[in-house]
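Comments concern the structure below.
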Amino acid sequence: MEPSTEYAAFEKKVKKTIYLDNLSPLVTEAVLQTAFNQFGTVKNVQFIPTHFASSGVYAALVEMQSVRQADEIVREMDDSPFMISGMPRPVRAQKAQIEMFDDRPKKRQRKIVCRWVDPSHANFEVAKKIKNLTKKHAAEASFLLEVNANLKCTRFLNFGLTEYP
């Protein structure tokens, strides 16, 4: 599949997917399918890790058959709390974002081509300026790192310690 076609299909998938948050650890794929089949056909359920998993808060991406079904679920869950299988906490829903998917394809295939620029070429002066600017930025970054290291060393020695690690 061509990269642009593959990415367009992925974007359609994202539009049909909802992000569910505040799920109980007892919720399974079958439970989510049963709960959301009342709004339409569930195509896929994927549990995703959260930073709060250790505290018992989980999340999932649920792909529906159509964008309209996904929008209806988000709208319905905004209006009233939605309990799944009588779990003690209301589930939150929002439209999925592209960044939530681990399997997202690259947006476009870019090729970087390096070549020598002839001094008589129209872009030679531009390339020369970019080269000089890059050198200047590298020198500034090196200087700032050195100043930062000296500052840390000075602070360390000001505390009465004899050696900097």
Quiz item: List pairs: first in the stretch 15-31 and in the same structural domain as residue 65 (by the TED database), second open to solvent by 40 Å² or more (accessible area, probe 1.4 Å) and in a helix (DSSP H, G or I), Cβ under 7 Å, 6+ apart or cross-chain?
Solution: 15/67; 16/67; 19/100
Practice problem: Identify the single condition in (1) under 30 Å from residue 24 (Cβ atoms); (2) surrounded by 12 or more Cβ atoms within 10 Å (Cβ to Cβ) that residue 105 does not satisfy, given that it satisfies every other one. | Solution: (1)
Practice problem: Can you tell me which residue among 143, 156, 82, 124 is open to solvent by less than 90 Å² (accessible area, probe 1.4 Å) and at pLDDT 80 or above? | Solution: 124
Quiz item: Any idea which residue in the stretch 23-43 is least open to solvent (accessible area, probe 1.4 Å), counting only those that are of a type in the set (S, T, N, Q) and assigned to a loop (DSSP other than H, G, I, E, B)?
Solution: 24
Self-check item: Selection from the stretch 44-71 of residues that are in a loop (DSSP other than H, G, I, E, B) and modelled with pLDDT of 90 or more
Solution: 65, 66
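The values are calculated or read from the model by the stated rules, or taken from the named source; none is laboratory data. Just so it is clear, the model here is predicted, and its values are computed rather than measured. Methodologically, a virtual Cβ is constructed for each residue, glycine included, from the backbone with ideal geometry; neighbour enumeration extends over all protein chains shown. Heavy atoms of the whole protein, side chains included, go into the accessibility calculation; ligands, DNA and RNA do not. Shrake-Rupley method; radii C 1.70, N 1.55, O 1.52, S 1.80 Å.
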